[in-house]
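Everything below concerns the one structure shown next.
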Number of protein chains: 2
Amino acid sequence: MTADTAFALDPRLAAECRVVGDAALSRVLLMDDARFPWLILVPRRADLRELVELARDEQSALLDEINRVAHVLRALHKPDKLNIAALGNVVAQLHVHVIARHVNDAAWPRPVWGVGTREPYTAPAFAARLKALRTALHLAEPAA
Amino acid sequence: MTADTAFALDPRLAAECRVVGDAALSRVLLMDDARFPWLILVPRRADLRELVELARDEQSALLDEINRVAHVLRALHKPDKLNIAALGNVVAQLHVHVIARHVNDAAWPRPVWGVGTREPYTAPAFAARLKALRTALHLAEPAA
């Protein structure tokens with residue numbers, strides 16, 4: 001599976017997240033919000049807005065990557081519930097949130113979007129989280 | 001694909017939605033909220049909470065049904081964006097929201113959950129909407 005050379009990550013996602021690495025189809029992002037273990041999958045296809053615009057075989061690849069990310073979040077964070085969502089009202093570029101939720105987290109039982117203020121990780125905590133995710137997901141750190 | 005005989009729709013979903021019909025895997029529901037064209041897919045499997053607990057072939061069937069529902073919502077409502085989400089913080093039974101969003105709707109650009117108060121359809125509007133969906137989705141009205 002080859003990525004579109006015209007793919008560019010939405011600037012808002014780039015500003016709020018760090019790249020974990022590239023899976024076969026998706027760029028895997030970690031949201032810089034220490035309140036929630038929160039990954040985002042962005043299929044590396046240019047000008048893509050809706051899940052239903054993705055070819056069916058690529059939807060299947062995306063589903064595989066959602067499963068992989070979800071299993072890793074479950075193993076690392078023992079969530080009470082996973083939230084999986086493609087919304088895109090603010091950032092139109094197709095991206096799928098996979099969030100490990102706990103009954104004592106800052107937004108429970110509400111969805112996380114728009115609740116309170118993002119709380120960036122400390123630099124060491126962010127580095128440690130990224131390293132753990134890269135190991136669990138078998139993803140290489142992207143070239144700078 | 002045969003449904004679990006032990007499957008029972010969560011009572012909260014049953015209270016807030018009307019059944020459009022049964023697709024191969026999922027019960028298709030219409031949320032009784034005239035503010036948003038809002039369908040919910042509930043795989044007819046007992047004791048299911050997470051997408052990742054569903055067998056991979058059934059995940060693929062669910063993805064097919066999400067596509068089908070999404071295409072019908074696009075055809076009927078010309079949304080500016082689709083929101084597709086499996087959250088389950090309040091109702092744990094696995095259910096997938098597929099919502100047609102418009103930039104002038106009651107919650108835009110926020111997600112719909114927890115925004116304002118549900119506005120039930122009038123009886124004729126609800127009946128008309130259900131009929132249109134059953135026709136478009138080729139689903140039979142469920143036995144009472």
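The values are calculated or read from the model by the stated rules, or taken from the named source; none is laboratory data. For clarity, every value in this text was computed on a predicted model and none was experimentally measured. Here the Cβ positions follow ideal geometry from the backbone for every residue, glycine too, while neighbour counts run over all protein chains shown. Surface areas here come from the heavy atoms of the whole protein model, side chains and all, with no ligands, DNA or RNA. Shrake-Rupley method; radii C 1.70, N 1.55, O 1.52, S 1.80 Å.
List of remarks:
- For the stretch B:94-144, a residue qualifies if it is within 26 Å of A:GLU50 (Cα to Cα) and of a type in the set (S, T, N, Q), and the qualifying residues are B:ASN104, B:THR135.
- Residues of the stretch A:73-109 classified as more than 9 Å from chain B (Cβ to nearest Cβ), in a loop (DSSP other than H, G, I, E, B) and aliphatic (A, V, I, L, M), total: 3
- Of the residues making up the stretch B:110-136, those that are β-branched (Val, Ile, Thr) and either assigned to a helix (DSSP H, G or I) or open to solvent by less than 60 Å² (accessible area, probe 1.4 Å) (or both) are B:VAL112, B:VAL115, B:THR135.
- B:LEU9 being closer than 26 Å to A:ARG49 by Cβ and of a type in the set (A, V, I, L, M, F, W, C): no
- Within the stretch A:106-133, tally of residues that are of a type in the set (D, E, K, R) and over 13 Å from A:ARG35 (Cβ atoms): 1
- Among (1) within 12 Å of the chain's Cα centre (by Cα); (2) more than 11 Å from chain B (Cβ to nearest Cβ); (3) farther than 16 Å from A:LEU9 by Cβ, the one test that A:ALA34 misses: (1)
- Filtering the stretch A:1-22 to residues that are open to solvent by 40 Å² or more (accessible area, probe 1.4 Å) and more than 13 Å from the chain's Cα centre (by Cα) leaves A:MET1, A:THR2, A:ALA3, A:ASP4, A:THR5, A:ALA6, A:ALA8, A:PRO11, A:ARG12, A:ALA15.
- Checking each residue of the stretch A:51-72 against the condition of being under 17 Å from B:ARG49 (Cβ atoms), part of a helix (DSSP H, G or I), within 9 Å of chain B (Cβ to nearest Cβ) and in contact (Cβ under 8 Å) with a residue 12 or more places away in the chain gives at least one match.
- Selection within the stretch A:30-50: residues that are outside any loop (DSSP other than H, G, I, E, B) and not aliphatic (A, V, I, L, M). The member of this set that is surrounded by the fewest Cβ atoms within 10 Å (Cβ to Cβ) is A:TRP38.
- Condition check for B:LEU25 on (1) among the hydrophobic types (A, V, I, L, M, F, W, C); (2) touching a Ser or Thr at 6+ places or on another chain (Cβ under 9 Å); (3) open to solvent by less than 20 Å² (accessible area, probe 1.4 Å): one failure, at (2).
- Test for B:ALA46: is it farther than 23 Å from A:LEU41 by Cα and in contact (Cβ under 8 Å) with a residue 60 or more places away in the chain: no
- When A:VAL42 is tested against (1) within 17 Å of B:ASN83 (Cα to Cα); (2) within 11 Å of chain B (Cβ to nearest Cβ); (3) of a type in the set (Val, Ile, Thr), exactly one condition is not met: (2).
- Residues located in the stretch B:89-105, provided they are open to solvent by less than 10 Å² (accessible area, probe 1.4 Å) and farther than 17 Å from B:ASP32 by Cα: B:LEU94
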